[in-house]
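Comments concern the structure below.
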Amino acid sequence: MNNEPFWYKTAVFYELYIRAYQDSTGDGHGDFRGAIQHLDHIQSLGVDCIWIMPHYASPLKDDGYDIADYYQVHPDYGTLEDFKAFLDAAHARGLKVVTDLVTNHTSDQHPWFQAARQDKNSPYRDYYVWSDTGTEYSDARIIFLDTEASNWTYDDVAGQYFWHRFYSSQPDLNYDNPQVHEEMFNVIRHWLDMGLDGFRVDAIPYLYEREGTNCENLPETHAFLQKMRRMVDTEYPGRVLIAEANQWPEDLLPYFGTEENPEFQICFHFPIMPRLYQAVKSGDKTPIEEIWARTPDIPKNAQWMTFLRNHDELTLEMVTPEVRQWMWDNYAPDPRMKLNLGIRRRLAPLLDDNKAKWFLLHTLFLSLPGTPIVYYGDEIGMGDNIWLPDRHGCRTPMQWNSEKNGGFSNAAETYFPIHTDPVYGYQTRNVAVQEKDSTSYLNLMRFLLKARQSVPAFGDGVFEFVGTGSRSVMAYTRSIPNQTVLCLFNLSDQPQNAHLNLPDTFTDLLAANPAMQYQLAPDGQALKIAPFAAHWFL
Ligand code: GLC
């Protein structure tokens, strides 16, 4: 395992949904014991760290992001011993593991909330945020727009309104109460004591509420996050904290904190993601250049985290209303594909299952600044099921082989149906089939991750755009002392001429792949670049 202190700056992550991976008990739900059987698969991709979606006891109104007991594993997933066995097995393969930590809210089934609602004088009452009128903080936006009409919900038992930024089954914790800080710190200790490598900390912009603000990114929130980091650094040095804050780059910067008062080592860079899709659809690099121009420099030991898809809808919160509409028009032709301010589809269907576009998008994603995270199933181009509720259509069982239930489970029924359609069905789209095909998504992913991992400049290198004289041709360099990679892309489906100087000698790291081989030809003074071509010149 890489125990170098800043390992996360050059790492690649894999997002794992335990329920979807492997059912070892025959109940139709994946579990930790099952997932252990596939650590070889994860390792074979060439990733360094696994992020597991919430594994805690929960009524699953928000698929585990509604926690009813922070100290227990959801019984569908196994026991604390099973969790520990998974952790140890991952570590034995040199893979680190982080889990979700949901700090902003609990489930309404959590004993704290049950005690709070039943007794005004209970010490737990003040763990949550209450109101007699439900009119406060009216400048805070509603996030789950398709289901929630207000951030306040009246609770008959309590006789008051409670505050919630997500589903009304997820009451927000009250961070003005220092007791809540202590509770959360004890939760952190419980899991880090078991050897966990860190947390992806969920929904952190919303911890505090203040009248007259939008209740996001408040100074009080940053003060708490600094306190949390201090605790982790003191008691568990070297563990990593990742911020999930769906915000503009300038509002993300403070989540890294300062040298004296750090907050997170890593912050998700949400705004870059939709712009990558915009660029490959429009054949125009401008949105990518614009968002990097707006992205501040980050502290020396900090890192961005980037992704193409995850377990949520493809969020369009960080684009203008015009771009959002353009993205919906281009990527969500069926109204069922829309959800809140986003698109509930998986990567391969978004790209019309076009491998050249998939390859191009990944070569961008894996060479731009940031620690990339790959969402389970996208390594084989899994499909989505837009007819399932909420975001579940992108959380269906992993497709291992063409046997019953794709090898995921031998149960009569699985937690959600596995894909059986002609294009994305498990019968043909599965790991076993793709293992044997050197041009499969799976083997291309392995090829790309290996190529990326062989170039330290991709992890930590200085990033600079290079002019090409064409909006469709993007070029940039990543460099560290003694290593420079020039990345060159044609974002369009037509050959393009570009003007740029290539070094005298170079190796194209992408030229060795069997599926996408792009010729680069001189054309007079210019270079002719093939449609959707990608080159990484070392
Ligand atoms: C984060 C999670 C999302 C969840 C929400 C509320 O945005 O990614 O899945 O619903 O937080 O916890």
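Structure notes:
- Scattering profile of segment 279-361 at q = 0.12, 0.16, 0.22 Å⁻¹ [log10 I(q)/I(0), Debye over alpha-carbon scatterers]: -0.42, -0.73, -1.26
- Reach of K300 by Cα under 12 Å, taken over aspartates and glutamates that are not fewer than 8 positions away in the same chain: E259, D460
- Tensor-based shape of the chain (alpha-carbon gyration tensor, a/c under 1.5 rounded, otherwise prolate or oblate): prolate
- In order through segment 403-414: 3J(HN,Hα) via Karplus (6.51 cos²θ - 1.76 cosθ + 1.60), integer Hz, x for Gly, Pro: 7, 3, 6, x, x, 6, 7, 9, 5, 5, 9, 9
- Cβ-Cβ FRET estimate between A85 and Q494, R0 fixed at 56 Å, reported to 0.05: 0.60
- Efficiency of FRET between E435 and K120 - r from beta-carbon atoms, R0 60 angstrom, step 0.05: 0.50
- Taken about its Cα centre, segment 103-215 carries a charge dipole of about 120 debye when Lys and Arg each add +1 at the Cβ and Asp and Glu each add -1 at the Cβ.
- Unit charges on C-beta of K, R, D, E only; dipole of segment 322-410, Debye: 160 debye
- Label positions at W387 and E289, each projected 7 Å from the Cα along the C-beta direction, are separated by 4.5 nm.
- Only one residue of W112, G78, Q179 has its Cα farthest out toward the positive end of the dipole of segment 29-185, where Lys and Arg carry +1 and Asp and Glu -1 on Cβ, and that residue is G78.
- Computed over the alpha-carbon pairs of segment 187-307, the distance histogram in 5 Å steps reads 2, 11, 19, 20, 17, 13, 9, 5, 3, 1 percent, short to long.
- Projecting the Cα atoms of A20, H190, F447 onto the charge dipole of the chain (Cβ charges, centred on the Cα centre) puts F447 farthest toward the positive pole.
- Listed from fewest to most Cβ neighbours within 10 Å, the set D384, D352, D312 follows the order D352, D312, D384.
- Summarising the label geometry, the points placed 7 Å from Cα in the beta-carbon direction at V323 and F465 lie 1.3 nm from one another.
- For segment 3-16, putting each phi into the Karplus relation 6.51 cos²θ - 1.76 cosθ + 1.60 with θ = phi - 60° gives couplings of 9, 4, x, 10, 3, 5, 6, 10, 8, 10, 10, 10, 8, 10 Hz, in residue order, rounded to whole numbers and with x for Gly and Pro.
- Between N497 and I529, the built amide H atoms are under 5 Å apart, and every one of these is 5 or more places off in sequence or on another chain.
- Set of segment 198-237 residues, backbone N closer than 12 Å to the point 7 Å along the Cα-Cβ line of N301: 230, 233-234, 237
- DSSP-defined beta bridges in the chain - what % are antiparallel, rounded to 5: 60 percent
- Exceeding the 27 Å Cα-Cα cut-off - candidates K357/K404; K9/K338; K9/K285: K357/K404; K9/K338
- Exposure proxy ranking for E250, E244, E235, based on other Cβ atoms within 10 angstrom of each Cβ and starting from the fewest, stands as E250, E235, E244.
- Signed unit charges on C-beta, dipole axis of segment 368-527, positive-most listed residue A498, G370, V423: G370
- For G198, the residues 5 or more places off, or on other chains, whose built amide H falls under 5 Å of its own are T99, V240.
- Applied to segment 18-23, the Karplus parametrisation 6.51 cos²θ - 1.76 cosθ + 1.60 on θ = phi - 60° returns per-residue 3J(HN,Hα) values of 4, 4, 8, 8, 7, 8 Hz, with x for Gly and Pro.
- Distance between the pseudo-spin-label points of M194 and E250 (7 Å out from Cα toward the beta carbon): 4.2 nm.
- Ranked by how many other Cβ atoms sit within 10 Å of their own Cβ, fewest first, the residues W292, W387, W112 fall in the order W387, W292, W112.
- Dipole check for the chain: with +1 at the C-beta of Lys and Arg, -1 at the C-beta of Asp and Glu, and the Cα centre as origin, the magnitude is about 1660 Debye.
- Estimated [θ] at 222 nm from DSSP helical runs (n ≥ 4, -39500 (n - 2.57)) normalised by residues in the chain, nearest 500: -7500 deg cm²/dmol
Any read-out appearing in this document is the output of simple, stated calculations on the displayed coordinates, not a laboratory observation. Please read all numbers here as calculations on a predicted model, not as lab measurements. We place every Cβ from the backbone using ideal geometry, glycine too, and count neighbours over all the protein chains shown.
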